[in-house]
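Enquirer: One structure, pasted below without further comment.
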Amino acid sequence: MMIQDAYLNGVMERVIARNPAEPEFHQAVREVLTSLVPVVAARPEYVREGVIDCLVEPERIIKFRVPWVDDQGIVQVNRGFRVQFNSAIGPYKGGLRFHPSVYEGIIKFLGFEQIFKNSLTGLPIGGGKGGSDFDPKGKSDGEVMRFCQSFMTELFKYIGPDTDVPAGDIGVGAREIGYLFGHYKRLRNEFTGVLTGKGLTYGGSLARTEATGYGLCYFTDNMLRDHGRSFEGATVVISGSGNVATYACQKATAFGAKVVAMSDSNGYVYDPNGIDLALIKRIKEVERKRISEYVKEKSAAQYHEGCRDIWQIPCDIALPCATQNELDGAAAMTLIKNGCYAVAEGANMPCTPEAVSALQAAGVLFAPAKAANAGGVATSALEMSQNSMRFYWTFEEVDEHLQRIMRDLYHNASQAAAQYGMAGDLVAGANIAGFLKVADAMLAYGVV
Ligand code: NDP
């Protein structure tokens, strides 16, 4: 699809030619460039000074071998990545993903998105992302530890509390962050806030675990209220059963909604009585088993193999919180047909471009990931602040900051959309508001 501006279209063509076979990265760049059409018309200096050409090229890509020994004594070799995309407004910040699907294109797409998301939080953090094609599923704690230590043995050379501060993402939770942080501390002989999402006994922030899911609901609540609706009494479907999905379920329920379905990468459960979140947490976090176990203890619930059909369950609000491109055009049409009036992205880029177009065309309120799931990284930035101050805030203090950040973020995205003639389009609004701050900093630096 052509972008309606010759210069931006040329940038897109160069991105595709320079980064072949990386469709997720192309998808993320195309969405942002499409939103920038009215911006380059109003502010030609961004084109003249090469800001956009620089923005689509990572400042640095680090790619490395990660050898480790499994429980059978056999040497395994994975690949590690860190994409330091943009540091115009602060140290690189973004999670690490451990999943077999990880390759350079996925990390680039996530790192690119992170630039705008981090800018939108209003906090001084640049954009980066990293990870590995290592699959923690089915590995022993010892194997995960040896992998994480090997991963950090290389990564530590490139990160630091004022340079690049990684965090968790898919497959990287409290256990992995502990092993990574412990090894960094040992290698550098320093105790600094080099990672976020840390445990509470060694520098973690209260409310960081909950932040992405809670933040998603705070953002959605602002969007709903702006349109005379609310979570109260709504039926909600949430994909995933990891960190984001779990705390989205908890907060949506606290706001008076009934969550009737959740999933993992094998299938989904539908519970007409409302999901029992304590049971989900026990199965997924404590026992590390499959979500199919849920129906063994809940006779009214049903399990369906395959996670994509979760969107066939009628709901008022859909919160995709698993992975990229998990909700396609056909799923969007089903949601619309079933009367869904709001979709908010908890995962990164979970809706395909066809799905986003269909939802927006049908008047469904749509909250893009860049804005809606920014609560996680915002709270990571709050963790960095507490680490720098050698101080801790209470859960309530952090949660209060988070609520304010998500409210401001909604209004900034909404206002930017209106200012550039696209009122109500939060995709465009989030891209534009996130872009302007980074672009102005880049302009101030000259060509660097
Ligand atoms: P987790 O690893 O905790 O959970 C991921 C969930 O999604 C699991 O239920 C997993 O199932 C499922 N899943 C993973 N891959 C696939 C797939 N290919 N198909 C179907 N289901 C899948 O990750 P998070 O909750 O942290 O992250 C979820 C999403 O949210 C990601 O897109 C991430 O980038 C994004 N995000 C996360 C933030 C955070 O703070 N954690 C911040 C901002 C965005 P299974 O258990 O079977 O693996």
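The values are calculated or read from the model by the stated rules, or taken from the named source; none is laboratory data. Because the structure is predicted, anything quoted here is derived from the model rather than measured. All Cβ positions, even for glycine, are placed from backbone atoms using ideal geometry, and neighbour counts span all protein chains on display. Calculation scope for accessible area: heavy atoms of the full protein, side chains included, ligands and nucleic acids excluded. Shrake-Rupley method; radii C 1.70, N 1.55, O 1.52, S 1.80 Å.
Enquirer: Can you find, among Gln386, Thr209, Leu443, the residue sitting farthest towards the positive end of the charge dipole of the chain, where Lys and Arg contribute +1 and Asp and Glu -1 at Cβ?
Expert: Gln386
Enquirer: How big is the gap, in Å, between the Cα center of region 45-63 and the Cα center of region 372-448?
Expert: Value for the Cα centre distance between the two parts: 21 Å.
Enquirer: Treating only the Cβ atoms of Lys and Arg (+1) and Asp and Glu (-1) as charged, compute the dipole magnitude of region 82-234 about its Cα centre; round to the nearest 20 debye.
Expert: Computed charge dipole of region 82-234: roughly 260 debye.
Enquirer: Tell me, what is the percent relative contact order of region 205-249, built from C-alpha pairs under 8 Å that lie six or more residues apart?
Expert: Contact order relative to length: 58 percent.
Enquirer: Still on this structure, please answer the following. Contact order normalised by length for region 139-257, with contacts defined as Cα pairs under 8 Å and 6 or more residues apart; what percent is it?
Expert: 21 percent.
Enquirer: Which trypsin sites (Lys or Arg not before Pro) in region 382-448 pass both tests, a DSSP loop state and at most 12 other beta-carbon atoms within 10 Å?
Expert: Arg390
Enquirer: Accessible area per residue, 1.4 Å probe, Å², for region 288-403: what's the number?
Expert: Numbers: 4810 Å² over 116 residues.
Counting only protein heavy atoms, the per-residue value for region 288-403 is 41 Å².
Enquirer: Oh, and also: Say the dipole of the chain comes from +1 at the beta carbon of Lys and Arg and -1 at that of Asp and Glu; which of Ile177, Asn338, Pro44 then lies farthest toward its positive end?
Expert: Most positive-ward Cα: Ile177.
Enquirer: With every protein chain left in place, what is the accessible area of Asp162 in Å² (1.4 Å probe, nearest 10)?
Expert: Asp162 exposes around 140 Å² with every protein chain in place.
Enquirer: Considering all projection directions equally, how large on average is the shadow of the alpha-carbon convex hull of region 305-448, in square nanometres? Write down the numbers at each step before the final one.
Expert: Details: hull surface 46.8 nm².
That works out to 11.7 nm².
Enquirer: Restricting attention to region 160-228, which GluC sites (Glu not before Pro) occupy a DSSP loop and are surrounded by at most 13 other Cβ atoms within 10 Å?
Expert: In loop regions of region 160-228 (DSSP not H, G, I, E or B), the sparsely surrounded GluC sites (Glu not before Pro) are Glu190.
Enquirer: GNM, the chain, Cα, under 10 Å: largest mean-square fluctuation among Phe435, Phe181, Phe391?
Expert: It is Phe391.
Enquirer: When all protein chains stay in place, what accessible area (Å², nearest 10, 1.4 Å probe) is found for His227?
Expert: 100
Enquirer: On to the next question. Normalise the Cα radius of gyration of the chain by 2.2 N^0.38 Å (N = residues in it) and let me know the number. Kindly include the intermediate steps, with their values, before the conclusion.
Expert: Working: Rg = 20.9 Å, N = 448, 2.2 N^0.38 = 22.4 Å.
For the chain, the normalised Cα radius of gyration comes out at 0.93.
Enquirer: Additional query: Heavy atoms only, probe 1.4 Å: what % of the accessible area of region 309-447 goes to carbon and sulfur, would you let me know?
Expert: Carbon with sulfur: 54 percent of the solvent-accessible area.
Enquirer: Only four residue types carry charge here, +1 at the Cβ of Lys and Arg and -1 at the Cβ of Asp and Glu. Report the dipole size of the chain about the Cα centre in Debye, rounded to the nearest 20.
Expert: The dipole of the chain has a size of about 700 debye.
Enquirer: Now a separate question. How would you order 291-299, 218-226 from highest to lowest mean count of nearby Cβ atoms within 10 Å? Let's see the in-between values first.
Expert: Working: 291-299: 15.7, 218-226: 21.4.
Top to bottom by mean Cβ count within 10 Å: 218-226, 291-299.
Enquirer: By accessible area of protein heavy atoms, probe 1.4 Å, what ranking do Arg208, Arg188, Arg43 get, highest first? Don't jump to the answer; show the numbers that get you there.
Expert: Numbers: Arg208 40, Arg188 90, Arg43 65 Å².
The ranking, largest first, comes out as Arg188, Arg43, Arg208.
Enquirer: What is the dipole size for region 154-312, taken about its Cα centre, with +1 at each Lys and Arg Cβ and -1 at each Asp and Glu Cβ, in debye to the nearest 20?
Expert: Using only the charged Cβ atoms, the result is roughly 320 debye.
Enquirer: What lysines sit close enough to Lys281 to cross-link, taking a C-alpha to C-alpha distance under 29 Å and skipping anything fewer than 8 places away on the same chain?
Expert: Within the straight-line cut-off, Lys281 pairs with Lys93, Lys117, Lys129, Lys137, Lys139, Lys198, Lys251, Lys258, Lys289, Lys296, Lys298, Lys370.
Enquirer: Per residue, how much accessible surface does region 1-124 expose to a 1.4 Å probe? Answer in Å², no decimals. Don't skip to the end; give the middle numbers.
Expert: On the way: 5070 Å² over 124 residues.
I get 41 Å² per residue for this part.
Enquirer: Still on this structure, please answer the following. Take the Cβ-Cβ distance between Arg188 and Lys337 as r, set R0 to 51 Å, and report the resulting FRET efficiency rounded to the nearest 0.05. All intermediate terms of the calculation are to be shown ahead of the outcome.
Expert: Numbers: r = 55 Å, r/R0 = 1.08.
Result of the calculation: an efficiency of 0.40.
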